[in-house]
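The next block holds one structure in the form of structure tokens; read it before the comments.
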Amino acid sequence: MRYKIKGLVWYSVIGVTINIFYFSNYTLLLLALLGYIWYDFFRKKAIIENIEIEYKLEYEKAFIDEIFEYRIYLKNNSNDGILLLVSPSNLLQRIRPLNQKVYLEPGERKKLIFNISFGTRGIKDIGRISIKYNTSLGFEFWKTKIVEKKVEVLPEFIYSEFNKESLKKLLPAQKSNIRVLEDVTYVENIDEYNNEPLNRINWKISAKYDRLMVKKYAHTSTGQVYMFVDLNLPDGIPKENIFWKNERKVYEEYALKATASIVKYQKEKYQDLNLVILGKEIKKISSNDWVEYFDTIASAYGDNNSDINLEKVLESEIPYLTFEDTVIIISIHLTDEIIPYLIKMRSKVSKVIVLVMPYGFRVETEGKLDVNNQEIFRVEAIELEKKAVLLEENHIIVRLVSPDDSLTEVFSSI
């Protein structure tokens, strides 16, 4: 606990000095008043020392911009009431209200509710709780409590259906729109007869429509998906260039949004997904729970001068790939050095998809931009489009994502 009594000390020094040199009934009254103030000081000090401060967070995991409650509990264990100003940490810039005044009766326990949210992903400190008592009598008190809990802010994701994985391996109970193995336990649709086996005909519906109608079943097949997300500046890019240094930070957030979107959709389909994020460190995860992927994504940060090399990571993973697998790579740029690794990887798997997004992408709810890609993309990115022709010839799908493209539009073009 801290307190401010500089003014009270000065008043006391002046009062004693006056009594020494000009003693009278009035100066004696002044001393009595100062004595009462000092008595009130120690009384309030004892009250605040005995106030219990507790806290509780409605969520310890939340999405960006998600509002949740930060609850503070105060209990007055003394025999006197007190008026306090309660303020959460100034680390919480998105908190309403900023502070609250509360009067605590003797023995009373009160709950205060603050609403907080965060605008960026990551592990967030809550800071401390501060209670303050001040008076016109010349002293103030502060008491603080450090909040030991942290909030994990999960990355934002844009709902978009990614159905571009290669479907080769036959697995029962997995739904897909590729007719490799039909799941006869799940009727997906009814359609008009077109040379299907007779046991497919639904006679009741055929009678209703007065033409032959057949059952259309869902289909199952899939391989594993390997995702490599490079948050760093690749070798070959002028890393001291201000443009690339600034764009990398913007790219990082969009790349992780796209990653979270693909992960969420894939795990809802129970797809096997191996995620590798290259940043200040290499993070790997393979799980049945999409939240665990989001935990990893939330704590991932790239670097402008990282020693972690995408080419080396791809090379280390190639021996574990099979022909049923699909590889997805997200990067801010592709250099000439990575092309041989992409071709080698394509020889091991069914499909390689590369998303290059130096400027991010358009959110679905936002309107189209009036932009010319030739004008906004730098020379390095425009040259990449020429290399993409060579890669497409080797069945490596490369998409240079424009800020005018939505994720859905990008995925549908693959």
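The values are calculated or read from the model by the stated rules, or taken from the named source; none is laboratory data. These numbers were taken from a predicted model, which means no experiment stands behind them. Note: ideal-geometry Cβ built from the backbone for every residue, glycine included; neighbour counts use all protein chains shown.
Given the criteria of a type in the set (D, E, K, R), crowded, with 20+ Cβ neighbours inside 10 Å and more than 28 Å from the chain's Cα centre (by Cα), does K351 qualify? In short, yes. For the range 49-66, the condition holds for at least one residue, the condition being that it is in the same structural domain as R128 (by TED's automatic domain parsing), surrounded by fewer than 13 Cβ atoms within 10 Å (Cβ to Cβ), under 35 Å from the mean Cα position of the chain (by Cα) and not in a loop (DSSP other than H, G, I, E, B). Is at least one residue of the range 115-124 over 26 Å from A298 (Cα atoms), assigned by TED's automatic domain parsing to the domain that holds D40 and either surrounded by 13 or more Cβ atoms within 10 Å (Cβ to Cβ) or in contact (Cβ under 8 Å) with a residue 40 or more places away in the chain (or both)? Looking for residues that are over 26 Å from A298 (Cα atoms), assigned by TED's automatic domain parsing to the domain that holds D40 and either surrounded by 13 or more Cβ atoms within 10 Å (Cβ to Cβ) or in contact (Cβ under 8 Å) with a residue 40 or more places away in the chain (or both), one finds none in the range 115-124, hence no. Remark: K257 matches the filter, which requires a residue to be touching a residue at least 60 places away in the same chain (Cβ under 8 Å), closer than 27 Å to S402 by Cβ and basic (K, R). With respect to the stated conditions, L91 fails to be surrounded by 14 or more Cβ atoms within 10 Å (Cβ to Cβ), assigned by TED's automatic domain parsing to the domain that holds K150, among the aliphatic types (A, V, I, L, M) and touching a Lys or Arg at 6+ places or on another chain (Cβ under 9 Å).
Do we find a residue being in contact with a Leu (Cβ under 9 Å, 6 or more places away or on another chain), among the hydroxyl-bearing types (S, T, Y), in the same structural domain as Y301 (by TED's automatic domain parsing) and touching a residue at least 24 places away in the same chain (Cβ under 8 Å) anywhere in the range 269-282? Checked against the condition, which is being in contact with a Leu (Cβ under 9 Å, 6 or more places away or on another chain), among the hydroxyl-bearing types (S, T, Y), in the same structural domain as Y301 (by TED's automatic domain parsing) and touching a residue at least 24 places away in the same chain (Cβ under 8 Å), the range 269-282 yields no hits at all. Test K75 against the stated conditions and say whether it is in the same structural domain as E108 (by TED's automatic domain parsing) and in contact (Cβ under 8 Å) with a residue 60 or more places away in the chain. When the stated conditions are applied, K75 does not pass them. One residue stands out among those in the range 78-88 that are polar (S, T, N, Q) and surrounded by 15 or more Cβ atoms within 10 Å (Cβ to Cβ): the one that is nearest to the chain's Cα centre (by Cα), which is S87.
Note on the range 20-42: among residues that are among the β-branched types (V, I, T) and surrounded by 14 or more Cβ atoms within 10 Å (Cβ to Cβ), the one that is nearest to V9 (Cα to Cα) is I37. Please indicate, with yes or no, whether at least one residue in the range 296-312 is in the same structural domain as F243 (by TED's automatic domain parsing), in a loop (DSSP other than H, G, I, E, B) and without any contact (Cβ under 8 Å) to a residue 24 or more places away in the chain. The answer is yes, given that some residue of the range 296-312 is in the same structural domain as F243 (by TED's automatic domain parsing), in a loop (DSSP other than H, G, I, E, B) and without any contact (Cβ under 8 Å) to a residue 24 or more places away in the chain. If you go through the range 364-372 one residue at a time, do you hit one that is touching a Phe, Trp or Tyr at 6+ places or on another chain (Cβ under 9 Å), modelled with pLDDT under 80 and assigned to a helix (DSSP H, G or I)? Among the residues of the range 364-372, not one is touching a Phe, Trp or Tyr at 6+ places or on another chain (Cβ under 9 Å), modelled with pLDDT under 80 and assigned to a helix (DSSP H, G or I), which makes the answer no. Given the structure, is K150 at pLDDT 90 or above, of a type outside the set (A, V, I, L, M) and out of contact with any Phe, Trp or Tyr (no Cβ under 6 Å at 6 or more places or on another chain)? Yes: the conditions hold for K150. One residue stands out among those in the range 247-272 that are among the aromatic types (F, W, Y) and more than 19 Å from T120 (Cα to Cα): the one that is surrounded by the fewest Cβ atoms within 10 Å (Cβ to Cβ), which is Y270.
Scan the range 67-90 for residues that are under 15 Å from V153 (Cα atoms) and not in a strand (DSSP E or B) and the total you get is 1.
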